[in-house]
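Okay, so here's the structure we're looking at.
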Amino acid sequence: MKQIIDVELKARKVDFSKCKTELLAVGQFSDVKGLDKPSKELSSKLDGAIERLIKLGDFKGKDGTSAIVYGNDRIGAKRVLLVGLGEKKKATLGTVRKAAAYAANKAVEMKIGAVSLALHSAFGARFDLTTMARVMAEGTYFGSYRYDEFVTESENGRLDSLGVELIDSDSAKTKKLNKGLWSGAIIGKAQSYARTLANRPGNVINPAKLAAAAKDLARGSKGLSCTVFDEKQLAAKGMGGVLAVGSGSQNKPRFIVLKYNGAGKGDAVGLVGKAITFDSGGISIKRSAKMDEMKLDKSGGIVVLGTMKAVAELKLPINVYGIIPAAENMPSGTSYRPGDIITTFSGKTVEVLDTDAEGRMVLCDGLAYAAKQKCNPIIDIATLTGACLVALGRYMAGLMSNDENLKRQLQSAAKESGEKVWPMPSGDEYAEEMKSKVADLKNLADANKYGDACNAAAFLAQFVGDAKWAHLDIAGMDLFAESKFSTKGSSGFGVRLLTTYLMNLKGKKG
Ligand code: BES
Ligand code: ZN
Ligand code: ZN
């Protein structure tokens with residue numbers, strides 16, 4: 001099987017025009033006339049080729065566009081890739097990350113094994129250099145990622161690795177950049193790891209295989225340990241929610257608990273991720289169109305796995321639990337049915353009205369387990385509802401919380417990580433709709449799918465006890481359309497967001 005493309009990162013002090021490289025990527029804003037000093041110098045050595053190209057209108061610096069100018073013997077680069085940065089006044093860290101992703105994606109597409117990213121002077125003044133290097137590293141991982149482990153036909157020259165260097169003419173800057181590259185590489189690699197696990201289909205990954213992957217991860221990471229409950233232990237513990245959802249499948253459910261200890265005794269943050277390795281809907285079966293996308297219904301759990309990997313490698317001085325209820329939702333003679341009443345781990349009973357609303361059935365056990373371990377805060381992440389996708393589309397995850405401060409912390413991590421969230425309501429009215437006449441709760445409101453993202457969140461909120469809690473509905477976020485910045489398939493949405501949130505908790509940045 002093909003391995004994912006390895007990225008090797010470093011920062012180097014060198015003038016743009018002297019940089020010997022296969023591909024030199026230089027950013028250009030759309031609303032800035034003329035070139036900045038280093039690009040101008042580059043262009044003059046190319047007899048004004050960059051200025052001519054811009055004058056002809058062939059490249060306008062728009063976001064998501066680029067142009068290539070070929071080098072000559074007066075500059076070190078064989079090719080110069082002009083990367084559009086969009087409007088200068090709108091530029092954020094996300095602009096930097098996307099530009100790096102764009103260049104890395106282009107390098108892989110062109111089968112060029114080395115790319116040098118020139119630091120734009122405008123960003124150097126605006127952002128902290130360490131943070132900038134971090135986001136550039138994250139971007140290069142994101143853009144160069146490919147999922148082709150099962151493609152057996154040779155793809156003449158597909159890269160095994162990509163060498164990436166950040167260049168600047170100031171050595172004081174390159175030192176700071178190197179520091180940021182370290183954490184960026186850890187986060188980028190963790191996100192690629194998550195994308196690969198998420199992209200693997202249901203016949204390759206099932207709950208037991210996911211649990212084995214979690215064990216492998218813990219074995220290779222200092223400070224990380226992993227316990228897995230199989231179906232017998234789930235029954236002994238009374239984890240009725242996870243068991244019910246998994247009951248229709250030959251592939252039995254698992255409950256994965258990862259623990260990272262970076263602060264000795266003391267509070268732990270609980271991360272809980274939905275991992276349905278395939279969601280057919282069960283007896284309330286889904287339509288067949290695009291059902292294949294439901295292999296990504298394990299993304300929440302996998303994001304938790306990826307985040308635990310990053311947290312351990314970053315050696316963050318905090319304690320974190322990663323809790324992943326994993327099941328396959330299938331229709332069969334042993335499946336749970338509409339009308340069933342399930343006793344969950346918390347002791348609360350739930351009337352099942354739709355077996356396709358299975359995410360909340362596994363998460364309620366995960367959340368109650370986190371609460372029992374005294375995790376505080378508890379954050380869950382899940383491809384939970386089609387309703388959230390209808391409400392917010394593909395660019396932002398829904399964020400519900402019972403704590404304003406936690407909500408703000410996640411919003412600021414979202415801004416920094418470029419994985420965006422939007423606050424959504426959830427509260428007493430929605431909780432009221434989840435009350436059942438024959439059990440404590442039901443898994444679907446009478447209003448059916450109207451406002452289901454909010455109803456689902458209100459259902460989950462009842463399983464966290466007194467803990468501060470936030471819920472991230474990432475339905476639709478993990479299915480990344482083919483773009484200028486990366487390849488189709490899982491985006492690993494949430495690894496950067498959660499890792500950034502955790503990094504900010506103790507103010508430890510690198
Ligand atoms: N996994 C789905 C939600 C989903 C939908 C994720 C689209 C990604 C893209 C979830 O388990 C589900 O099936 N939800 C149902 C709930 C309904 C039966 C109340 C839905 O949204 O239709
Ligand atoms: Zn479902
Ligand atoms: Zn689902």
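What follows draws every value from the coordinates through simple rules; no lab data is involved. No experiment lies behind these values; they were computed from the predicted model shown. Here Cβ is always computed from backbone atoms with ideal geometry, including for glycine, and neighbour counts include all displayed protein chains.
Pairwise Cα distances in the chain exceed 38 Å in 29 percent of cases. For the chain, the antiparallel share of DSSP beta bridges with both residues in that region comes to about 40%. Centroid-to-centroid, using Cα positions, the stretch 168-213 and the stretch 359-381 are 25 Å apart. When Ser346, Ser483, Ser154 are sorted by how many other C-beta atoms sit within 10 angstrom of their C-beta, beginning with the fewest, the order is Ser154, Ser483, Ser346.
In this structure the amide hydrogen of Ile318, modeled in the peptide plane, comes within under 5 Å of the amide hydrogens of Gly262, Ala263, none closer than 5 places in sequence on its chain. Between the Cα long axis of helix 299-314 and the first principal axis of the chain there is an angle of about 60°, rounded to the nearest 10. Taking the C-alpha atoms only, the angle from helix 495-505 to the longest principal axis of the chain is near 90 degrees. Amide H contacts under 5 Å for Leu9: Val164, restricted to partners 5 or more places along the chain or on a different chain, H placed in the peptide plane at 1.01 Å from N.
Candidate cross-link partners of Lys222 among the aspartates and glutamates, defined by an alpha-carbon separation under 12 Å and a same-chain spacing of 8 or more, comprise Glu313. Charged neighbours of Ala368, selected by a Cβ distance under 15 Å, balance to +2 (K, R count +1; D, E count -1).
Quick one: net charge of Ala382's neighbours, Cβ under 12 Å, K/R +1, D/E -1? Counting the neighbours of Ala382, the net charge comes to -3.
Pairs Lys45/Lys415; Lys13/Lys37; Lys10/Lys106; Lys252/Lys506; Lys106/Lys215: which exceed 28 Å Cα-Cα?
Exceeds cut-off: Lys45/Lys415; Lys252/Lys506; Lys106/Lys215.
Only Cα sites of the stretch 100-250 enter the Debye sum here, all with the same form factor; the resulting log10 I(q)/I(0) across q = 0.12, 0.13, 0.20 1/Å is -0.71, -0.78, -1.22, listed in q order.
Arg158 sits among other residues whose Cβ lies under 12 Å from its own Cβ, and their net charge, with Lys and Arg +1 and Asp and Glu -1, is -3.
Secondary structure note: in the stretch 223-321, about 75% of the DSSP beta bridges are antiparallel.
Farthest toward the positive end of the dipole of the chain, out of Ser491, Ser144, Asn443, is the Cα of Ser144, where the dipole comes from beta carbon charges about the Cα centre. Phi angles across the stretch 74-90 convert, under the Karplus curve 6.51 cos²θ - 1.76 cosθ + 1.60 with θ = phi - 60°, into 3J(HN,Hα) values of 8, 10, x, 7, 6, 9, 10, 9, 8, 10, x, 10, x, 6, 4, 5, 8 Hz, Gly and Pro given as x. Listed by chain and number, the aspartates and glutamates whose C-alpha is less than 15 Å from the C-alpha of Lys2, apart from same-chain residues fewer than 8 away, are Asp148, Glu149, Glu153, Glu155, Asp160.
If you fit an axis through the alpha-carbon atoms of helix 359-372 and take the longest principal axis of the Cα set of the chain, what angle between them do you get, 0 to 90°, nearest 10? Helix 359-372 sits at roughly 90 degrees to that axis.
For Ser280, nonlocal amide neighbours, meaning residues 5 or more places apart or on other chains whose placed amide H falls under 5 Å from its own, are Asn329.
If you count Lys pairs in the stretch 272-376 whose Cα atoms are under 15 Å apart, skipping same-chain pairs closer than 8 places in sequence, the total is 4.
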